[in-house]
Amino acid sequence: MTEQPTGPAGGGRSDSLRAWSATRTPGAKPRLAYDSPGYLALLKLHVVNTLLTVVTLSVWRFWAVTRVRRLLWAHIRFDDQPLEYTGNGLEIFVGFLKVVLFVLLPIGLAMAGLQLVLADAAPSLPGTLSIMYFLGLLWLIALGKYLSFRYRVSRTRWRGIRGRLSGSAGGYFWLAFWTFAVTVLTVGLFKPWMDADRIHYALNGARAGSLRATTGITGGTLFPPFLLALLLVPIAIGILFVGSSVSPAVSIVAGPLIPIAAMAGYFWYRAALFRLTAERTQVGPLLFDFTASGWAHAWLWIGNMLLLFGPAALVGIVTLPFLFVSIAAMAAGGATPDAAQLQAVLALSNLPIYGTLGLCYLLLMPVVWQRRIRFVCRHLAVHGAVDPAVVRQAAEDPSVAGEGLVGDFDAF
């Protein structure tokens, strides 16, 4: 296991060093803090962005993301100095076009051509190609997340100090491909090494100004928590099997145990991934901790899902009886409703659900943004000190042109 990095004086995570997180310094003013611009300011910006995105058939969303980030970044402070976001919508739009024109479109055309040419000779080919296309999209999403994170880092400044990730898009392209392929071939067992290799590629050698980052994260470090998370589902299945053999009623009561165990395993591993990455990463004299537990990660995700989709689910439950009543009324005359009538009734019954989803997106998305930012500020602890006056600026990264396909769907 990789040793913990130590500070410049060899003292490690000394308690005398004030961390960036209020979690680490009870009673002291946190050095990393989020000073909200106010819900109404965020709501006004979000509503205007949403309307412009609809009017421009989604083109405005690249500029919408930029406007939101500039506002949010300006209210994240370290040592009472705000962050600055210098990205622009045109760069993100160009990155999106590159992915669509040079990656997604050629792949889609090639897949369609193969299906047409070889459909008669190999009847099973379309299904195989569909699976390959789906796996390829997962791989492209991983690549897109790296490009998105790299772009945000390169466009973020603090007191004029700019960040820059290591590596290139081409290098990560190959790394994402072969690690994903090995993970699929090993039925997921290679995932800790895949995660560690990708994190190491991005962070090792990254810079904040002239401060160089190093990380000692390895797959062997991540495998124990991954294995424990993986075993939760078989354990839940075993408990359910034993319980159902004792009494059939037990299987009904314990039925949700399997999905709960799967979610618990996911968030347990996610918390370990963040924690171990932070503990084994050093930027100049700065050392890191990330204190969020698996439950904290789960509550962030569950809370956001409840905010965005919970009200619509409740509306769906309330309106469901009206759907059955409408269908029963149509069939009261003895005639069976045709497909068009059923589709019309179903569409009308879904209108309140769609309306609720739209309202939640408009009214509650600003709350979701702030929950994500406060989560990071609450749990990220950085130990050590650095003098901005002696930190030289990092060179501009001319290869960063935008975020690609998934940049604007990542967390802000």
Which pairs do you get when a residue that is free of Cβ contacts under 8 Å to residues at least 40 places away in the same chain and open to solvent by less than 50 Å² (accessible area, probe 1.4 Å), found in segment 41-54, comes within reach of a residue that is charged (D, E, K, R) and not in a helix (DSSP H, G or I), reach meaning Cβ atoms under 8 angstrom, with the pair 6+ apart or on two chains?
none
VAL100 being part of a helix (DSSP H, G or I) and either touching a strand residue (DSSP E or B) at 6+ places or on another chain (Cβ under 8 Å) or among the β-branched types (Val, Ile, Thr) (or both)
yes
Got a number for residues in segment 176-189 being open to solvent by less than 40 Å² (accessible area, probe 1.4 Å) and either closer than 14 Å to TYR269 by Cβ or hydroxyl-bearing (Ser, Thr, Tyr) (or both)?
3
Could you check, for segment 89-100, whether at least one of its residues is surrounded by fewer than 18 Cβ atoms within 10 Å (Cβ to Cβ), touching a Leu at 6+ places or on another chain (Cβ under 9 Å) and of a type outside the set (Asp, Glu)?
yes
Assuming GLY220 fulfils every condition listed in (1) surrounded by 14 or more Cβ atoms within 10 Å (Cβ to Cβ); (2) closer than 30 Å to PRO259 by Cβ apart from one, which condition is it?
(1)
Matching residues in segment 113-130 - criterion: being part of a helix (DSSP H, G or I) and modelled with pLDDT under 75
LEU114, GLN115, LEU116, VAL117, LEU118, LEU125, PRO126, GLY127, THR128, LEU129, SER130
Tell me yes or no: at least one residue of segment 234-245 is at pLDDT 90 or above and open to solvent by less than 50 Å² (accessible area, probe 1.4 Å).
no
Considering VAL367, VAL345, which residue is assigned to a helix (DSSP H, G or I), open to solvent by less than 50 Å² (accessible area, probe 1.4 Å) and under 30 Å from ALA298 (Cβ atoms)?
VAL367
Can you name the condition, by its number, that ALA33 falls short on among (1) open to solvent by 30 Å² or more (accessible area, probe 1.4 Å); (2) in a helix (DSSP H, G or I); (3) at pLDDT below 90?
(2)
Options PRO352, PRO321: the member that is loosely packed, with under 15 Cβ neighbours inside 10 Å and modelled with pLDDT under 95:
PRO321
Mind listing whichever residues of segment 182-205 are under 30 Å from PRO388 (Cα atoms) and free of Cβ contacts under 8 Å to residues at least 60 places away in the same chain?
ARG198, HIS200, TYR201, ALA202, ASN204, GLY205
Does any residue in segment 168-179 that is over 14 Å from LEU138 (Cα atoms) come within less than 6 Å, Cβ to Cβ, of a residue that is open to solvent by less than 40 Å² (accessible area, probe 1.4 Å) and at pLDDT 85 or above six or more places away or on a different chain, and which pairs are these?
TYR172/TYR146
Test ALA229 against the stated conditions and say whether it is closer than 23 Å to TRP268 by Cα and at pLDDT below 95.
yes
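The values are calculated or read from the model by the stated rules, or taken from the named source; none is laboratory data. Small disclaimer: the values here were computed from a predicted structure and weren't measured. Neighbour counts run over all protein chains shown; Cβ positions are idealised from the backbone, glycine included. Please note that ligands, DNA and RNA were not included when accessible areas were found on the heavy atoms of the full protein model with its side chains. Shrake-Rupley method; radii C 1.70, N 1.55, O 1.52, S 1.80 Å.
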